[in-house]
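Take a look at the structure below.
The values are calculated or read from the model by the stated rules, or taken from the named source; none is laboratory data. Because the structure is a prediction, the values reported are computed rather than measured. Neighbour counts are summed over all protein chains in view; Cβ atoms, including those assigned to glycine, are modelled from backbone coordinates with ideal geometry. The area values use the complete protein model at the heavy-atom level, side chains included, leaving out ligands, DNA and RNA. Shrake-Rupley method; radii C 1.70, N 1.55, O 1.52, S 1.80 Å.
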Amino acid sequence: MAAGKSLGTPQWEWIATARIVSRQRASTAAIEQVLDGLLSGADQAMVNAFTGGFRVAQTQLAINKALPDPTAAAAALESAQIVALGILVREQMDQFDALYRPFATILPGPGYQPAPPVDRQIAAFLRMLPTLTGEPEAEVASVARVLSELPKPVAPTGALGAVGAVPSSLSPAANYVAVWKEVIATANQSGRTHAFRAMQDSAEQAAPHDGLGIVGFAGVAAGGIFMRDVLAIEKVLLLYEPFAAAIPYESLQ
């Protein structure tokens, strides 16, 4: 949590986005249930330190400076707390990597390996796409739907309107669309359109064509990886997010 204070607004926005989107995955809830069970046997003073107190207050202050929007800040803090609690019981958790994923590439943890060359990374993605089936594929589709649905305007409420009706300034779907437009424009400006489209087509052909609607999102993910040399890593991760649980970005070796 101390290291997290060195992160800037783009990184905290990504961490908040990853947390918000993760709520679409049943696998996330299952992993956090395992964490809850393990924490019952952990040092209670340490557990308390990461759910309240000075450490949390300092981290919250750093997040609030980066993310003025309270909904986004709450999601980012929640993510940081879950990771901190996971570290307490890491040796007992087979699923720690999944918990740490929102931080894995921007704040590398134990066992981190730098990304391989782009062609090898995309080849790994293309190899794994046809294996998607069942619940992992359904989760990909669920996250893809969230990232394809731009937020609707919220009708004004009275002074005592529900807090849930207040829109967040952080919109994963709007950011996803904006980053994708940036990628397309950059590919065109750099004269890489042909190769860029070829990568997209290859991913779309490799993805399951079974009606769940993930084909186009596979193309976007491959396009983001292909342009990673000109994109901030949190933008690459956002474009890859539908597949991040089923095929972790860090596993594309």
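Scan segment 2-18 for residues that are open to solvent by 30 Å² or more (accessible area, probe 1.4 Å) and either in a helix (DSSP H, G or I) or at positive phi (or both) and jot them down. Before the answer, list the steps.
Initially, segment 2-18 is screened for residues open to solvent by 30 Å² or more (accessible area, probe 1.4 Å), giving 2-3, 5-6, 9-11, 13.
Listed by number, the residues that qualify are 3, 5, 6, 9, 10, 11, 13.
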**OP:** Would you mind telling me which numbered condition in (1) within 28 Å of residue 242 (Cα to Cα); (2) in contact (Cβ under 8 Å) with a residue 12 or more places away in the chain; (3) not β-branched (Val, Ile, Thr) residue 33 fails?
**Re:** (2)
Original post:
What is the one condition in (1) more than 21 Å from residue 123 (Cβ to Cβ); (2) touching a helix residue (DSSP H, G or I) at 6+ places or on another chain (Cβ under 7 Å); (3) open to solvent by less than 50 Å² (accessible area, probe 1.4 Å); (4) part of a helix (DSSP H, G or I) that residue 184 does not satisfy?
Top reply: (2)
Subject >> Conditions (1) within 23 Å of the chain's Cα centre (by Cα); (2) modelled with pLDDT of 90 or more; (3) buried (at least 16 other Cβ atoms within 10 Å of the Cβ); (4) among the hydrophobic types (A, V, I, L, M, F, W, C): number failed by residue 61 >> reply: (3)
Original post:
Do we find a residue being without any contact (Cβ under 8 Å) to a residue 12 or more places away in the chain, open to solvent by 20 Å² or more (accessible area, probe 1.4 Å) and in contact with an Asp or Glu (Cβ under 7 Å, 6 or more places away or on another chain) anywhere in segment 215-228?
Top reply: yes
Original post:
For residue 106, which of the numbered conditions (1) under 14 Å from the mean Cα position of the chain (by Cα); (2) crowded, with 20+ Cβ neighbours inside 10 Å fails to hold?
Top reply: (2)
Original post:
Name the residues in segment 192-214 that are open to solvent by less than 40 Å² (accessible area, probe 1.4 Å) and hydrophobic (A, V, I, L, M, F, W, C), would you?
Top reply: 196, 203, 206, 207, 214
Original post:
Does segment 226-235 include one or more residues that are over 12 Å from residue 179 (Cα atoms), small (Gly, Ala, Ser) and either at pLDDT 95 or above or not in a loop (DSSP other than H, G, I, E, B) (or both)?
Top reply: no
